[in-house]
Amino acid sequence: MTSDHAADIDKHVRVYITVFVALMALTIITVAISRLHLREPIAVSVALLVAIIKGSLVASYFMHLISEKKLIYAVLVLTTFFFAVLLALPVVTHSDGFWILFQ
Amino acid sequence: MDIPYVVKLREDTNLYNAKVGIWLFLASEVMLFGALFASYILIRTGAQSWPRGDSILNVPLATFNTIVLISSSVTMVMAWASLMRRRFGTFRLYMGGTILLGGVFLVVKYFEYSHKFHDGLFPSTNNFLAIYFTLTGLHMLHVMGGMAVNAYFWGPGAKLWKTNPEWFTNRVEHAGLFWHFVDLVWIFLFPTLYLL
């Protein structure tokens, strides 16, 4: 193992520790915000925003997505698209607007 | 016959075959949990009233479990980093820690479930509990699966380190990708089920 390689891994480890601290802080923030008993739309938005930030940290640094190859990004873009469609289906069904387009 | 592209990168993808495989598998997992999240949205938005998670579920226990699972993600990535530094002893320590933390998560979940059953709260009681038990139950199965793979690499699978350390390091990285995905799912389950 070269000293450059060792220094590179050491740098990675420091990033992992920083991300760990950030995830712990965000977990506490999530619970603290839920204690405020905000109105449901605001509570849902804030909780999901914090969860998305936490999820992005895990995916970017622990799963190394921040420096991944093009093929992996292509797979994820496709997955994100179909995932968004899946989540949008129940939402548009309840909006009463989706079906009007076909009448 | 040797398995191709376990250490050497393919020229067309610039990746090991197993890495493409695990990401495709994770893509299918996103759709599996996505379908259940979509069902949750559909049932919740269609219900006349919906209970707040913290009025039924134990938030301190779930917060503790969130901390446990995030910590296990860190020990998992540190196990991989140890192999990259060619420190097998440290790898064993971190991987052991990951398995142990997975066990702690399951024990806490056991207490949570048994408390619910003791109070007469079952998946058939109402839609909220049906969704809660389905999502957390499926997630728990993933934790068990991840623990089994990690235990294999901690134990008998570690023999590969002696003959082909690079291949073993890649295998641990792929097991780690699955484990981090399990953590990621919990990061969304926790606020969705327990806090909203």
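The values are calculated or read from the model by the stated rules, or taken from the named source; none is laboratory data. Here the structure is a predicted model, which is why all the values come from computation and not from measurement. No Cβ is skipped: glycine too gets one built from the backbone with ideal geometry, and neighbour counts run over all protein chains shown.
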Quick one: which helices (runs of 4 or more DSSP H) lie wholly within region B:119-196 and hold at least 1 residues that are among the small types (Gly, Ala, Ser), crowded, with 21+ Cβ neighbours inside 10 Å and under 16 Å from the mean Cα position of the chain (by Cα)? B:127-154, B:165-189
Residue check, residue B:46 against (1) within 18 Å of residue B:160 (Cβ to Cβ); (2) at the interface with chain A (Cβ under 8 Å from one of its Cβ atoms), all met but one. Which one? (1)
Output yes when any residue across region B:44-59 is under 15 Å from residue B:182 (Cα atoms) and surrounded by 15 or more Cβ atoms within 10 Å (Cβ to Cβ), and no when none is. no
Give me the pairs: first residue in region B:157-184 and of a type in the set (A, V, I, L, M, F, W, C), second residue modelled with pLDDT under 95 and outside any helix (DSSP H, G or I), beta-carbon distance under 7 Å, and six or more apart or on different chains, which are they? B:167/B:6; B:167/B:7
Assess whether residue B:82 counts as being crowded, with 19+ Cβ neighbours inside 10 Å and touching an Asp or Glu at 6+ places or on another chain (Cβ under 7 Å). no
Residue A:68 passes all but one of the listed conditions (1) closer than 30 Å to residue B:51 by Cβ; (2) among the acidic types (Asp, Glu); (3) surrounded by 12 or more Cβ atoms within 10 Å (Cβ to Cβ); the exception is number (1)
Looking at B:64, B:33, B:105, can you tell me which residue is modelled with pLDDT of 95 or more, loosely packed, with under 15 Cβ neighbours inside 10 Å and part of a helix (DSSP H, G or I)? B:64
Scan region B:79-102 residue by residue and report those that are part of a helix (DSSP H, G or I) and among the charged types (D, E, K, R). B:92
Taking the criterion of being within 7 Å of another protein chain (Cβ to nearest Cβ) and over 15 Å from residue B:194 (Cβ atoms), would at least one residue in region B:54-66 satisfy it? no
Exactly one condition in (1) at pLDDT 90 or above; (2) farther than 26 Å from residue A:15 by Cβ; (3) of a type in the set (A, V, I, L, M, F, W, C) is not met by residue A:89; state its number. (1)
Report yes if residue A:22 is touching a residue at least 12 places away in the same chain (Cβ under 8 Å), more than 7 Å from chain B (Cβ to nearest Cβ) and assigned to a helix (DSSP H, G or I), otherwise no. yes
Residue under evaluation residue A:36, criteria (1) within 10 Å of chain B (Cβ to nearest Cβ); (2) outside any helix (DSSP H, G or I), criterion not met: (1)
Looking at region B:8-28, can you tell me whether even one residue there is among the aliphatic types (A, V, I, L, M), farther than 24 Å from residue A:80 by Cα and part of a helix (DSSP H, G or I)? no
Could we say that residue A:45 is more than 8 Å from chain B (Cβ to nearest Cβ), among the polar types (S, T, N, Q) and out of contact with any strand residue (DSSP E or B) (no Cβ under 9 Å at 6 or more places or on another chain) here? yes
